[in-house]
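The values are calculated or read from the model by the stated rules, or taken from the named source; none is laboratory data. Note that this is a predicted model, so its numbers are computed, not measured. In this analysis, Cβ positions are derived from the backbone assuming ideal geometry, glycine residues included, and neighbour counts consider all displayed protein chains. For accessibility, only protein heavy atoms count, side chains too; no ligands or nucleic acids. Shrake-Rupley method; radii C 1.70, N 1.55, O 1.52, S 1.80 Å.
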Amino acid sequence: MIDTKVKIAGVEFKNPVIAASGTFGFGREFLEYFPISKLGGLSTKGLTLREREGNKGVRIHETIGGIMNSIGLQNPGIDAFIVEELPFLNSQDTVIIANVSGNTIEEYVISVEKLNQTEIDMIELNISCPNVKEGGISFGTKAEIASNVVTQVRKVCQKPLIVKLSPSAENIVEMAESCVEAGADALSLVNTFPALAIDISKKKAIFDNITAGLSGPCIKPIALRMVYEVSKAVDVPVIGIGGIMDYRDVIEYIMAGAWAVQVGTANFINPNACAEIIEGIEEYLQKEGISTLEEIRGII
Amino acid sequence: MKEGYREVDISSNTEIAKDIFELKVQLESNDSLGDPGQFYMFRSWDFDPLLSRPFSICNIEGNVVTFLYKIVGRGTNYLSKLKPKDKLKVLGPLGNGFNLNVNGKAALISGGIGIPPMIYLAKKLSTEIYFYAGFTNEVYYMDYVQKYVNKIYITTEDGSTGQKGFITDIFRPEKYDVVFTCGPSPMMKKVVEKCENMIPVFVSMESIMACGMGACLGCSIKTKSGMKRVCKEGPVFEGREVFFDD
């Protein structure tokens, strides 16, 4: 009997596949293609205290093996999310994770306080968005700054707290350890990689913000290495993110030490990607005679 | 529940002008195969290129859907190599198309590779239609569209067919009750400006998109009622709702 359940910070996921923040909206678009209750979990589009229009200019650029994006956290704001989106999400039988961003520590704290009053299952603190000018990734590069944000949020946060790490951290293991010490119940890694593309005919950067976040299969080997290193160093569950396109990638992350994964770019390539990955994992375990993910977790 | 990507047979894939291809695919569906202004995402490859490519419906006859595309990069270059019986993965129809419930004289104004949705629109509208088409040089598909419209106006940038110049140079909005347009953004902006506040004008916007089904927000544009996704709320918008320069 195959059992793909996984428990992270006291929250049970029916399988290890979570739709990654910023790639799944608030679930509605995908519900047209498959029952999203199949998902282990869903991390919402990045939420900020106030509504954001996002960035101007080009927002998506394709590279070999990847996509660069500069969406800039376009979202309706926490209050509108709670009223307009959360009732729908809560009606779906899957773990709902609110992904929270802010320009200042105070904004993170107020946002989390508002979410405390809701039925959200978990909070994912985004200290790693590369596409906003203030806050975002600036909290995610130096361990002591990240630690301060997590400490302040932990004081008020009544929900299980995931901290999402940036690959731009000066030292990913040190960053992970600092966040755990400051109160993270779990870690998710990694966010997109800050990257650059240039239009040589216009002789300028493709994106208005010059740099943008790179995701997709091209980042997987680096993200996988970071997940491997961090999961060896900390004693909280690690959620692997980066270039997962099919079930084989998920198995690699689990073998590298991840408890669960987040699937991002693949959702843009195929709206049924998460559903197909979940089926693929079950078939793999069946074929290999493995009954739980624990049997292969961190075997590398 | 909508179907995700489905594999379909290519019926034909023919170059009809330099770098412009006509692609016909055989689709099976119990639902509508699409309305004018709607589009499909294509991929004939696995993960390289990573993203699918969006194309507007140019025509539907029975179960055969026609698209026109121009070779501009790797994806369209791959598509151009496909032969009849080759397989293509498609997702669609997607987006919101044109409002067909209009009366009086309609002007349909297209430029460049904005022509495909206008062709299907001309076929589906049941009103007087005046078709304006701006080409760079080679003219295509005008013989087909002739039977569905009252008059065709053509411009070419090199003057080889029709009038020399841009199609917006010869468009006279005062003669019409409704205007539809699809083409380069500066062209559509000019059309909307020419219409002032006199007549309804509908634009089919183009934007780089990753998913095509509303998830990535990559194609969002600024409108008078907030940010809107070209792939989901669009691609058709009321022309005066859109901020073309943002």
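Within the range A:23-45, can you find the residues that are touching a Phe, Trp or Tyr at 6+ places or on another chain (Cβ under 8 Å), within 11 Å of chain B (Cβ to nearest Cβ) and open to solvent by less than 10 Å² (accessible area, probe 1.4 Å)?
Filtering the range A:23-45 for residues touching a Phe, Trp or Tyr at 6+ places or on another chain (Cβ under 8 Å) gives A:23-24, A:26-28, A:30, A:36, A:40-45.
From what is left, the residues that are within 11 Å of chain B (Cβ to nearest Cβ) are A:23-24, A:26-28, A:30, A:45.
Within the range A:23-45, A:24, A:27, A:30 meet the criteria.
Taken over the range B:88-113, the criterion of being under 25 Å from residue B:215 (Cβ atoms), open to solvent by 10 Å² or more (accessible area, probe 1.4 Å) and touching an Asp or Glu at 6+ places or on another chain (Cβ under 8 Å) is satisfied by B:89, B:93, B:96, B:97, B:98. Of the strands (runs of 3 or more DSSP E) contained entirely in the range B:198-246, those carrying at least 2 residues that are basic (Lys, Arg) fall at B:226-229. In the condition set (1) within 13 Å of chain A (Cβ to nearest Cβ); (2) surrounded by 21 or more Cβ atoms within 10 Å (Cβ to Cβ); (3) under 16 Å from the mean Cα position of the chain (by Cα), residue B:55 is compliant with all but (1).
In the range A:212-247, which residue that is under 20 Å from residue A:67 (Cβ atoms) and open to solvent by 60 Å² or more (accessible area, probe 1.4 Å) is farthest from the other protein chains (Cβ to nearest Cβ)? Full working, then the answer.
Initial filter on the range A:212-247 (under 20 Å from residue A:67 (Cβ atoms)): A:212-224, A:226, A:240-246.
Adding the requirement that they be open to solvent by 60 Å² or more (accessible area, probe 1.4 Å) leaves A:221-222.
Values: A:221: 15, A:222: 17 Å.
So the residue we want is A:222.
Candidates are the residues of the range A:55-70 that are part of a strand (DSSP E or B) and out of contact with any helix residue (DSSP H, G or I) (no Cβ under 6 Å at 6 or more places or on another chain); the one that is farthest from the other protein chains (Cβ to nearest Cβ) is A:68.
Residue-by-condition table, conditions (1) aromatic (Phe, Trp, Tyr); (2) open to solvent by 30 Å² or more (accessible area, probe 1.4 Å); (3) touching a residue at least 60 places away in the same chain (Cβ under 8 Å):
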site	(1), (2), (3)
A:142	no, yes, no
A:148	no, yes, no
A:170	no, yes, no
A:174	no, yes, no
A:178	no, no, no
A:197	no, no, yes
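The residue that is farthest from the other protein chains (Cβ to nearest Cβ), among those in the range B:61-70 that are out of contact with any helix residue (DSSP H, G or I) (no Cβ under 7 Å at 6 or more places or on another chain) and part of a strand (DSSP E or B), is B:61. Per the conditions (1) closer than 18 Å to residue B:206 by Cβ; (2) in contact with a Lys or Arg (Cβ under 7 Å, 6 or more places away or on another chain); (3) part of a loop (DSSP other than H, G, I, E, B), the sole criterion not satisfied by residue B:100 is (1).
Those residues that are open to solvent by less than 60 Å² (accessible area, probe 1.4 Å) and touching an Asp or Glu at 6+ places or on another chain (Cβ under 8 Å), I need them from the range B:190-202; list them, please. Once the filter is applied, which keeps residues that are open to solvent by less than 60 Å² (accessible area, probe 1.4 Å) and touching an Asp or Glu at 6+ places or on another chain (Cβ under 8 Å), the range B:190-202 yields B:199, B:200, B:201, B:202.
Counting only residues that are open to solvent by 10 Å² or more (accessible area, probe 1.4 Å) and part of a loop (DSSP other than H, G, I, E, B), the range A:72-95 holds 7 of them. Candidates are the residues of the range B:40-50 that are open to solvent by less than 10 Å² (accessible area, probe 1.4 Å) and hydrophobic (A, V, I, L, M, F, W, C); the one that is nearest to the other protein chains (Cβ to nearest Cβ) is B:50. Every condition in (1) more than 10 Å from chain B (Cβ to nearest Cβ); (2) crowded, with 24+ Cβ neighbours inside 10 Å; (3) at pLDDT 95 or above holds for residue A:10 except the one numbered (2). Within the range A:107-126, residues that are part of a helix (DSSP H, G or I) sit with their Cβ atoms under 8 Å from residues that are among the polar types (S, T, N, Q), at 6+ positions apart or across chains, in these pairs: A:107/A:48; A:108/A:101; A:108/A:152; A:109/A:152; A:111/A:48; A:116/A:158. Select, from B:229, B:240, the only residue that is within 12 Å of chain A (Cβ to nearest Cβ) and farther than 21 Å from residue B:122 by Cβ. Going through B:229, B:240 in turn, just one is within 12 Å of chain A (Cβ to nearest Cβ) and farther than 21 Å from residue B:122 by Cβ: B:229. The residue that is most open to solvent (accessible area, probe 1.4 Å), counting only those in the range B:203-222 that are on the phi > 0 side of the Ramachandran plot and within 7 Å of chain A (Cβ to nearest Cβ), is B:217.
Name the residues in the range A:285-300 that are open to solvent by 40 Å² or more (accessible area, probe 1.4 Å) and not in a loop (DSSP other than H, G, I, E, B), would you? Spell out how you get there, then give the answer.
Taking the range A:285-300 and keeping what is open to solvent by 40 Å² or more (accessible area, probe 1.4 Å), we get A:286-289, A:291-292, A:294-295, A:297, A:299-300.
A:286, A:287, A:288, A:292, A:294, A:295 - these are the residues of the range A:285-300 that are open to solvent by 40 Å² or more (accessible area, probe 1.4 Å) and not in a loop (DSSP other than H, G, I, E, B).
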